[in-house]
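Some notes on the structure that comes next.
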Amino acid sequence: MSRALFTVGPVLSFRGVSDTGQWQVTALVGVLAGAAFPAFSVDGKRCEAPKVLLKRAKETILRYDLSCAQQAQERTVQFGVGHGGLQWHFSVPGKDYAPR
């Protein structure tokens, strides 16, 4: 999938910390109408299928769940499109540490 097929994003949103210690993050992505939905991965694991938030004549807006486990120390988590596709990253603070 090429960068040109993205109409929006990815735009990350922090959703909180779950009771089980999951750092809850979602990514908003827009793709051209009729295009295949990109297969995202986070922290080396394939993400579930995205939720379709909006379908318009020229684009579809999707939300991916990028949640991952907090660990004792801060770390950088990589996410992106498949293997070898576009990649980005975000920071996850260690347990009991504030985000920065």
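Numbers for the structure displayed
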| quantity | calculated |
| --- | --- |
| L28 paired with A72, simple spin-label distance in nm, labels 7 Å along Cα-to-beta-carbon | 3.8 nm |
| Semi-axis lengths (Å, descending) of the ellipsoid that matches the C-alpha gyration tensor of segment 39-91 | 25, 12, 9 |
| Amide H contacts under 5 Å for V25, placed H, 5+ residues apart | R15, L66, S67, C68 |
| Overall Cα dimensions of segment 3-92, principal axis frame, Å, largest first | 45, 27, 17 |
| Length released on extending from T7 to R46, taking residue separation times 0.36 nm less the Cα-Cα span | 11.8 nm |
| Trypsin sites (Lys or Arg not before Pro) within segment 33-73: DSSP coil, no more than 10 neighbouring Cβ in 10 Å | R56, K58 |
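Bear in mind these aren't lab numbers, they're just calculated from the coordinates by the rules spelled out. Everything quoted here is computed from the prediction, not taken from an experiment. Ideal geometry is used to build each Cβ from the backbone, glycine not excepted, and the neighbour counts take in all protein chains shown.
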